[in-house]
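Below: one structure in structure tokens.
Every number in this text was worked out from the coordinates using simple rules, so none of it is lab data. In this text the structure is predicted, and so the values were computed from the model without any measurement. Here the Cβ is made from the backbone with ideal geometry for all residues, glycine too, and neighbour counts use every protein chain on show.
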Amino acid sequence: MSDYIFGYGSLMNSASRQLTGQTSTATPAIAHGLCRYWGKVDESYLLAPLVVTKGEGMVNGVLLQLDSGQLSEFDHRERGYKRIKLHPSALVSALELSERDNVWIYITEQAIPPCIISPIMQTYVDTVLAGCLEISESFAEQFIEHTIGWHHPREDDRHDPKYGNLAGVTQEVMQKIDRLLAHPLISIVSSNTN
């Protein structure tokens, strides 16, 4: 029996997740029966992170094997979220999972939209997309396509980062991210909120 976390946001970024604890290398996966949003978790968050709810959809992310003793460290990082078990049958991955394996995911009951007070921070977007790019550009494009809420307020904080787990984002990666964010879906809504 093994413990895994299904990471769908900043935990996809190897440098960012190492700020919390050690895991295996990331294995790309798709989880069905979930929806990913830009949304608020609770009032303690000064930025709008990614949230996942149960629903008709799919979320790409990574499976991370870890020692069960480290779960409390990740629970602290993901405070405000609820950790639940995913059934292995909901996942598509190259990893062979058994019925005895625990696959954990951090979800919320509902997606509360970002606002001017708690906007989407560019450094959070950068951290997540840098993690996606560790896998591939098509994985990053899939993330963009299957994340709801790009039209909400987004603040460019690159000059003064407000996201505490920012890591693994180089100048070269930022240029790739800017190209990805020039996607018509995002560039239209971003011009209305910046």
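Sorting check: for 4-12, 51-59, which peptide has the highest mean count of neighbouring beta carbons within 10 Å, and how do the rest follow? It would help to have the intermediate numbers written out before the result.
Working: 4-12: 25.6, 51-59: 17.1.
In decreasing order of mean packing, 4-12, 51-59 become 4-12, 51-59.
Also, I was wondering about something else. For Cα pairs less than 8 Å apart in space and 6+ apart in sequence, what is the mean separation divided by the residue count of the chain, i.e. the relative contact order in percent?
Values: 384 pairs, mean separation 54.6, N = 194.
Normalised by residue count, the contact order of the chain is 28 percent.
Given a cut-off of 18 Å, name the pairs among Lys54/Lys162; Lys54/Lys85; Lys40/Lys162 whose C-alpha atoms lie farther apart than that in the structure shown. Walk me through the intermediate numbers first.
Numbers: Lys54/Lys162 29 Å; Lys54/Lys85 12 Å; Lys40/Lys162 15 Å.
Flagged as over cut-off: Lys54/Lys162.
When you count, for each residue, the other Cβ atoms within 10 Å and take the mean per peptide, how do 14-27, 76-89 rank with the highest first?
Values: 14-27: 16.9, 76-89: 14.1.
The most tightly packed comes first, giving 14-27, 76-89.
Take His146 and Leu46, extend 7 Å from each Cα along the Cα→Cβ direction, and tell me the distance between the two endpoints in nm.
Using points 7 Å along Cα→Cβ, the separation is 3.3 nm.
If you average the alpha carbon positions of the stretch 137-156 and of the stretch 1-60, how far apart do those two centres end up, in angstrom?
14 Å
Out of every Cα-Cα pair in the stretch 3-190, what percent are more than 23 Å apart? Before the final figure, lay out the partial values.
On the way: 6468 of 17578 pairs.
Everything past 23 Å amounts to 37 percent.
Oh, and also: Suppose we keep just the DSSP beta bridges with both residues in the chain; what percent of those would be antiparallel, to 5? Write down the numbers at each step before the final one.
Details: 25 of 32 bridges.
Expressed as a percentage, antiparallel bridges in the chain total about 80.
Roughly how many nanometres apart are two label points built 7 Å out from the Cα toward the Cβ at His76 and Asn102?
1.8 nm
Assuming R0 = 35 Å, what is the FRET efficiency of Arg179 and Ile112, from their Cβ-Cβ distance, to the nearest 0.05? The partial results should precede the final answer.
Working: r = 30 Å, r/R0 = 0.86.
It comes to 0.70.
Continuing with this model, one more query. For a label point 7 Å from the Cα of Ala94 along Cα→C-beta, name the residues of the stretch 129-144 whose backbone N is under 19 Å from it.
Only 131-143 fall inside the zone, counting backbone N under 19 Å.
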